[in-house]
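Following: one structure in structure tokens, then a few remarks.
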Amino acid sequence: MNIEIVQIIDTENSLVRFTSPAGSASGVWCGEQKPQLGNYNVEFEIPDEVQCWTLAQASCGAIEDAGDRPGVSVTGMVERVDEDSVVTLRIQSDVLLIETPKNARMATPGTYLNFTAPFLELYPYQL
């Protein structure tokens, strides 16, 4: 997804604030170079297994700070649920893979999920 880093929150820990077509939030920059203000293409990654989620109203997907709780709120459409409990979520034109507990009750493809992650990791790539 194309993002714009608009603020370097913590240089030592590479914590940045960004805007994107899916919304605005903070994340941890995982590039080889220190983060700088500007536009980048990134893949989002959730560092841990997603333990808890809710069904959400249909939308085109969203990423935003979780408001009064710490973390990042993510909403996306379920595209696929693999046998190994990896769920493919569509957020705007991009996909995000999340791990869920084995044998968890999962939504079916076409439904929308919302969950809060402690943080997002941002991995830059070149087109």
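Some notes on this structure:
- Across the stretch 1-59, the qualifying residues are those that are among the acidic types (D, E) and over 28 Å from E79 (Cβ atoms), and the one among them that is surrounded by the most Cβ atoms within 10 Å (Cβ to Cβ) is D10.
- Residues located in the stretch 22-71, provided they are touching a Pro at 6+ places or on another chain (Cβ under 8 Å) and of a type in the set (V, I, T): V42
- Checking the stretch 65-88 against the condition returns no match, with no residue being touching a residue at least 60 places away in the same chain (Cβ under 8 Å) and not β-branched (V, I, T).
- Of residues in the stretch 1-27 being in contact with a strand residue (DSSP E or B) (Cβ under 6 Å, 6 or more places away or on another chain) and small (G, A, S), the one nearest to I46 (Cα to Cα): G27
- For the stretch 73-110, the candidate set comprises residues that are of a type in the set (S, T, Y) and more than 17 Å from the chain's Cα centre (by Cα); within that set, the residue that is surrounded by the fewest Cβ atoms within 10 Å (Cβ to Cβ) is T108.
- Test: P70 is surrounded by 14 or more Cβ atoms within 10 Å (Cβ to Cβ), within 26 Å of Q7 (Cα to Cα) and more than 12 Å from the chain's Cα centre (by Cα): no
- Close Cβ contacts (under 9 Å, 6 or more residues apart or on different chains) running from residues in the stretch 25-48 that are on the phi > 0 side of the Ramachandran plot to residues that are surrounded by fewer than 15 Cβ atoms within 10 Å (Cβ to Cβ) comprise G38/E4.
- The residues on offer are E43, E64, E49, and the sole one that is acidic (D, E) and either modelled with pLDDT under 90 or in contact with a helix residue (DSSP H, G or I) (Cβ under 8 Å, 6 or more places away or on another chain) (or both) is E49.
- Condition check for F119: in contact with a Ser or Thr (Cβ under 8 Å, 6 or more places away or on another chain) and not in a strand (DSSP E or B): yes
The values are calculated or read from the model by the stated rules, or taken from the named source; none is laboratory data. All of these numbers come straight from a predicted model, not from anything done at the bench. In this analysis, Cβ positions are derived from the backbone assuming ideal geometry, glycine residues included, and neighbour counts consider all displayed protein chains.
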